[in-house]
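Taking it in order: structure first as structure tokens, then the write-up.
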Amino acid sequence: QVQFVESGGGLVQPGGSLRLSCVASGSIFSIFAMGWYRQAPGKQRELVARIFSGSGTNYADSVKGRFTISRDNAKNTVYLQMSGLKSEDTAVYYCNLFPARTDYWGKGTLVTVSS
């Protein structure tokens, strides 16, 4: 059973930065593509960024140029560096495999962008 534990969220002012971390259990982490997802209030969960086992990356248009996804396979950890945060980035952020597995969703970490 794989588990993901997200951390690093918080309250930040518009234009600020945060770095989210996601630690995965299990020794198979390095062979899978990983994604960061988010769910804003009243909206469906959406894919924000993904990183493949070879470290290739893709981003949603809404975060391109502001967010950076990375991974440290030795630590079973995937990161999301967020800068230039906007109020519309307010959401609960989750990590999961890409494509996501329904049974692997964690509790997420809340990011609130507000002055």
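A few remarks follow.
- Ser30 being more than 12 Å from the chain's Cα centre (by Cα) and open to solvent by 60 Å² or more (accessible area, probe 1.4 Å): no
- Considering only residues in the range 65-77 that are at pLDDT 95 or above and under 17 Å from Phe52 (Cα atoms), the one that is surrounded by the fewest Cβ atoms within 10 Å (Cβ to Cβ) turns out to be Ser70.
- The lone exception for Ser55 - which of (1) touching a helix residue (DSSP H, G or I) at 6+ places or on another chain (Cβ under 9 Å); (2) free of Cβ contacts under 8 Å to residues at least 40 places away in the same chain it fails: (1)
- Test result for Leu47, in contact (Cβ under 8 Å) with a residue 60 or more places away in the chain, touching a Gly at 6+ places or on another chain (Cβ under 8 Å) and of a type outside the set (Ser, Thr, Tyr): no
- Filtered by the rule that a residue be aliphatic (A, V, I, L, M), assigned to a loop (DSSP other than H, G, I, E, B) and touching a residue at least 24 places away in the same chain (Cβ under 8 Å), the range 58-75 gives a lone residue, Val63.
- Pair list, Cβ under 7 Å, 6 or more apart: the range 8-35 residue closer than 14 Å to Gly84 by Cβ, other residue of a type outside the set (D, E, K, R) and in a helix (DSSP H, G or I): Pro14/Ser87
- Subset of the range 97-115 (residues that are in a loop (DSSP other than H, G, I, E, B), of a type outside the set (Lys, Arg) and open to solvent by 30 Å² or more (accessible area, probe 1.4 Å)): Phe98, Pro99, Ala100, Trp105, Ser114, Ser115
- Residues located in the range 78-96, provided they are open to solvent by less than 40 Å² (accessible area, probe 1.4 Å) and either free of Cβ contacts under 8 Å to residues at least 12 places away in the same chain or among the acidic types (Asp, Glu) (or both): Asp89
The values are calculated or read from the model by the stated rules, or taken from the named source; none is laboratory data. Predicted model, so just to flag it, every value in this text is computed and none were measured. Every residue, glycine among them, receives a Cβ derived from its backbone with ideal geometry; neighbour counts consider all protein chains shown. For accessibility, only protein heavy atoms count, side chains too; no ligands or nucleic acids. Shrake-Rupley method; radii C 1.70, N 1.55, O 1.52, S 1.80 Å.
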